[in-house]
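The values are calculated or read from the model by the stated rules, or taken from the named source; none is laboratory data. In this text, all values refer to a predicted model and were calculated from it rather than measured experimentally. Here the Cβ positions follow ideal geometry from the backbone for every residue, glycine too, while neighbour counts run over all protein chains shown. Surface areas here come from the heavy atoms of the whole protein model, side chains and all, with no ligands, DNA or RNA. Shrake-Rupley method; radii C 1.70, N 1.55, O 1.52, S 1.80 Å.
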Amino acid sequence: MTRIRRGYIARRRRTKIRLFASSFRGAHSRLTRTMTQQKIRALVSAHRDRDSKKRNFRRLWIIRINAAIRERLVSYSYSKFIHNLHKRQLLLNRKILAQIAILNRNCLSMISNEIIKEVDYQKSTEII
């Protein structure tokens, strides 16, 4: 009985994993089982950290906006600023506001002053 030659599918799968894990250190780039485990771990970490990256950037933008606003007005805060933005239906996201806060603080102070004037005007008309 002649010997049956194995197919190439398993070899192709292992080669693909080996290419993915070629930059790993030690046995993680040499042994097939540990390569597979490390590949799974790497992909899980990448998926998890994409979400945490979004969270971290949002926190950074909020901190920058809050610092820029409090620099001008002591009693005014980030939460009041965002609330008043939504009241006036100004659709500026936090990323853009943070860039304005860094690059052009005068523009951000003008925006906040306009919002404060509008809110004060609305309060005075409600009283009357």
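Brief remarks follow.
- For the chain, the solvent-accessible area works out to 83 Å² per residue, with a probe of 1.4 Å and every protein chain left in place.
- Helix axis angle, 32-72 relative to the chain longest principal axis, alpha carbon, degrees: 10
- DSSP loop trypsin sites (Lys or Arg not before Pro) with at most 16 other Cβ within 10 Å: longest gap in the chain: 31-87
- Here the contact order of the stretch 1-72, divided by its residue count and restricted to Cα pairs under 8 Å and six or more residues apart, works out to 17 percent.
- The mean sequence separation of alpha-carbon pairs under 8 Å and at least six residues apart, normalised by the residue count of the stretch 8-126, gives a relative contact order of 18 percent.
- Only lysine pairs 8 or more places apart, or on different chains, with alpha-carbon atoms under 22 angstrom apart are counted in the stretch 8-126, and they number 10.
- Surface share of carbon and sulfur [accessible, 1.4 angstrom probe, percent] for the chain: 55
- When shorter helices are ignored and each DSSP H run of at least 4 residues is given -39500 (n - 2.57), the per-residue value for the chain at 222 nm works out to -25500 deg cm²/dmol.
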